[in-house]
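The values are calculated or read from the model by the stated rules, or taken from the named source; none is laboratory data. Keep in mind that this is a model prediction, so the values were computed, not measured. So basically every Cβ, Gly included, is an ideal-geometry build from the backbone, and we count neighbours across all protein chains shown. For accessibility, only protein heavy atoms count, side chains too; no ligands or nucleic acids. Shrake-Rupley method; radii C 1.70, N 1.55, O 1.52, S 1.80 Å.
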Amino acid sequence: MSAADSASVTRARHVAPPAAGSAWLAATHLAWLHLRSRQVPAALAALAGCAVVLWSGLTYHWWYGGGQGATELPMIIEGCAAAIIAVTAHNPFGEPERATGRWLPFLRLGTALALCGAAIGLLALAAAAAYHPQTSVYLVTGVLGIAENVMGFAGIGLITSLVTGGLVAWTGPLAYMAICQFALVANYSEPLTWAARPATDRGGWITALVVFAIGLAAFTCRGPRVRPSGE
């Protein structure tokens, strides 16, 4: 190998690590831009607000009732959390974003999963902070009920975004939550109204997970409805 070839190999070895680092920085920057364009920081703040409301409701007994009747206010808060997640589906750039690269579906998937996880975690922390069984302060459904309702309602929100767009996708989770509220009051129990059933009900869990899986898969592959110049 000549001296010139040896020098070229040496330069290549020195150039490769920065190139790999640049690719990692570019991917991180792309993910951050996607999160900002979807107002994810504001969504996390709103989810934290929902957790504060849940903590206050449990601590100060904002509602009364035993059994499933004690799940009315938590169900409303969980529906609001899912509505917040659904609004982050909004695409502010319109159709041109669909042609920007192959990473967009993965960004959609990661954002939706991360927000669902954050919502469940924040609400579970709020319930744990308020937990005081000596004074009957606890969440009847527990973490299972939070996870079931947040995922199921969020799945409805993602499905709604395929038809209406992200800006009004909040209507899906809140409308369905209202249906479950009526089912709860009327003592109507079917798997399709899983939020009105006990958190340990197998049929309700299966329905909620199927709705979430369908909504997540469709949203990941197709994305929300957009106009050429955005909504």
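Extending 7 Å from Cα along the Cβ direction at ILE206 and again at TYR138 yields two label points whose distance is 2.9 nm. Only protein atoms count toward the accessible area here, which uses a 1.4 Å probe; on the stretch 101-231, the carbon and sulfur part of that area reaches 70 percent. In the full protein context, the stretch 143-231 carries 46 Å² of accessible surface per residue, based on a 1.4 Å probe and ignoring ligands, DNA and RNA.
Dipole orientation for the stretch 88-211: of the candidates HIS90, GLY117, LEU104, LEU104 has the Cα lying most toward the positive pole (charges on Cβ; Lys, Arg +1; Asp, Glu -1). Of the two radii for the stretch 125-167, the radius of gyration is 1.24 times the Kirkwood radius, both from the alpha carbons; that is the Rg over Rh value.
Can you give the local net charge around LEU115? Use residues other than it whose beta-carbon is closer than 13 angstrom to its beta-carbon, Lys and Arg +1, Asp and Glu -1.
Details: positive: ARG38, ARG108; negative: none.
Spelling it out: positives minus negatives among the neighbours equals +2.
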